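Engineer: This is the structure I want to talk about, given as structure tokens.
The values are calculated or read from the model by the stated rules, or taken from the named source; none is laboratory data. Keep in mind the model is a prediction, meaning the values are calculated, not measured. Because the Cβ atoms are built from the backbone with ideal geometry, glycine has one as well, and the counts that use them run over all protein chains shown. With ligands, DNA and RNA removed, areas are computed over all heavy atoms of the protein, side chains included. Shrake-Rupley method; radii C 1.70, N 1.55, O 1.52, S 1.80 Å.
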Amino acid sequence: MIKKISIRWFLWFALVAGYALILGALLYFNLFKRVFDANLQDHIINIVRTNANVLIDGLVARDLITIPEIDLISSWPRHDPRISNIVYFNGNGKIRWHKDTEKINKSLAEYHRGGFLDTDAVLEALNMGIYRVALKNDGSAYDIAVPLKAKDGKVAGVISFDVSRDDVKKEINNALVNYLAGSVLIFILMGIVLYIFVIKNVTRPIVALTDSIENISTKSFQLDFMERSDEVGELARAVQNFLSKVKKELEEREILDKSRHHYEQEWWSSVLAITIPKGSRALVVDENNNVMHANFELAIKKEGPIHLLDIFGGTQQDIVHIVGQAMDNPGKIFRAKTQSGGRAFGIKTLQLSSRGSIVRTVIVLEPLAAAKK
């Protein structure tokens, strides 16, 4: 039983643990994605804000890009390899700097028509004056457009970054693997602890209680189980209380049956004394053909009930046959003749049955000389 319960417990625990792991993985994947992507975006925006004064001063002072602006923009990809491309626009939407010099001074519309603008992030940053982030179609990079505002609040320019998400994907995958490995380890340790607890405090006590119940003696009705203070102990006490009630009821019923048997014997003794002629023998048997009363002394002495066959055996089949007829036809008298001890007897049988389960069969053996003709 312990093996079956252990296997069933393991399967249920594995199912619940797997379900929790899947839900947790989905939750943490989206959480990791938001956190790592947000960190990447904040990093790019912060490097622009940190050096925004250099760019804004150049935008306000001259139409052509300045040396400090070029040095600053060129340094960013070297320090952060995730930045794959930078496009620098002035306030009217013309390209101020691009790694491909042929694209410098082209308008935003021309740049878009040339198929070099994958998202609307730059246009939205120019019109709305707030940074915009757009995921490129294949999901491998972000287009991050950061507006540069002059002191009067107008957008003096926009700098656009193509930022690779490969490192973010690796970080998400590593974090997810670490989560799964840690969760599996935690579930294993927790499962071992729970298994020990279940086996020690639930399974083994229940198995012991089951064995105790199966070994209950119908004589003592005593449950042999060690006293416990937990729920299994309460169950054992409830079983013992039930057994005590059953024992008490059986004892009361046994006393009642003995009393009823005694009174019934006295009743049959009186009835047979009045109704059966002198010299005739009479027997009363129950539904199992056990002798309830006889108006003569039985030669058979044995413990427990005396069966009709103990008296007549197989030598007097006519008696057994007529008793069988009476049992098959309650309320009808059957007659026959037989020999017993060298004497001839007439037999009369009658089965009396109540509406309940009480069935009695009266057998009368009359010497033929005394039998009525």
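Engineer: Do we find a residue being under 23 Å from residue 8 (Cβ atoms) and open to solvent by 90 Å² or more (accessible area, probe 1.4 Å) anywhere in segment 237-257? Walk me through how you get there before you give the answer.
Structural biologist: Keep residues of segment 237-257 that are under 23 Å from residue 8 (Cβ atoms), which gives none.
Looking for residues that are under 23 Å from residue 8 (Cβ atoms) and open to solvent by 90 Å² or more (accessible area, probe 1.4 Å), one finds none in segment 237-257, hence no.
Engineer: A further question on this structure: Within 27 Å of residue 328 (Cβ to Cβ), at pLDDT 80 or above, of a type in the set (Ser, Thr, Tyr) and open to solvent by less than 90 Å² (accessible area, probe 1.4 Å): does that describe residue 269?
Structural biologist: So residue 269 does not fit the description; no.
Engineer: Sticking with this one: What are the residues in segment 180-195 that are of a type in the set (Phe, Trp, Tyr) and open to solvent by less than 60 Å² (accessible area, probe 1.4 Å), if any?
Structural biologist: The answer is 187, and nothing else.
Engineer: Among the residues of segment 148-179, write down those that are open to solvent by less than 20 Å² (accessible area, probe 1.4 Å), in a strand (DSSP E or B) and under 16 Å from residue 43 (Cα atoms).
Structural biologist: If the condition is that a residue be open to solvent by less than 20 Å² (accessible area, probe 1.4 Å), in a strand (DSSP E or B) and under 16 Å from residue 43 (Cα atoms), then 159, 160, 161, 163 are the ones that fit.
Engineer: Of everything in segment 70-122, what is within 24 Å of residue 57 (Cβ to Cβ), assigned to a helix (DSSP H, G or I) and aromatic (Phe, Trp, Tyr)? Give them in sequence order.
Structural biologist: 76
Engineer: Still on this structure, I have one more. Between residues in segment 186-206 that are under 17 Å from residue 21 (Cα atoms) and residues that are of a type in the set (A, V, I, L, M) and assigned to a helix (DSSP H, G or I), which pairs lie under 6 Å by C-beta distance while being six or more apart or on different chains?
Structural biologist: 187/17
Engineer: Of these, 108, 64, 135, which one is open to solvent by less than 40 Å² (accessible area, probe 1.4 Å) and not hydroxyl-bearing (Ser, Thr, Tyr)?
Structural biologist: Details: 64 fails: open to solvent by less than 40 Å² (accessible area, probe 1.4 Å); 135 fails: open to solvent by less than 40 Å² (accessible area, probe 1.4 Å).
Selected residue: 108, the only one of 108, 64, 135 that is open to solvent by less than 40 Å² (accessible area, probe 1.4 Å) and not hydroxyl-bearing (Ser, Thr, Tyr).
Engineer: In addition: Could you check, for segment 126-137, whether at least one of its residues is assigned to a helix (DSSP H, G or I), touching a strand residue (DSSP E or B) at 6+ places or on another chain (Cβ under 7 Å) and at pLDDT 85 or above?
Structural biologist: yes
Engineer: I've got another one for you. Going by what's in this entry, would residue 28 be described as more than 29 Å from residue 123 (Cβ to Cβ), in contact (Cβ under 8 Å) with a residue 60 or more places away in the chain and open to solvent by 40 Å² or more (accessible area, probe 1.4 Å)?
Structural biologist: In short, yes.
Engineer: A follow-up question, please. Have a look at 157, 153, 182, 233 and point out the one that is touching a residue at least 40 places away in the same chain (Cβ under 8 Å) and of a type in the set (Gly, Ala, Ser).
Structural biologist: None of the others qualify; the one that does is 157.
Engineer: Filter segment 214-236 down to the residues that are charged (D, E, K, R) and open to solvent by less than 100 Å² (accessible area, probe 1.4 Å), then identify the one that is farthest from residue 202 (Cα to Cα).
Structural biologist: Step by step, filter segment 214-236, then rank; the result is 228.
Engineer: Let me ask something additional. Report, by residue number, each residue of segment 31-52 that is open to solvent by 70 Å² or more (accessible area, probe 1.4 Å) and at pLDDT 80 or above.
Structural biologist: If the condition is that a residue be open to solvent by 70 Å² or more (accessible area, probe 1.4 Å) and at pLDDT 80 or above, then 39, 42, 43, 46, 49, 50 are the ones that fit.
Engineer: Take the residues in segment 9-25 that are surrounded by 11 or more Cβ atoms within 10 Å (Cβ to Cβ) and not aliphatic (A, V, I, L, M), then tell me which one is farthest from residue 176 (Cα to Cα).
Structural biologist: Looking at residues that are surrounded by 11 or more Cβ atoms within 10 Å (Cβ to Cβ) and not aliphatic (A, V, I, L, M), I get 9.
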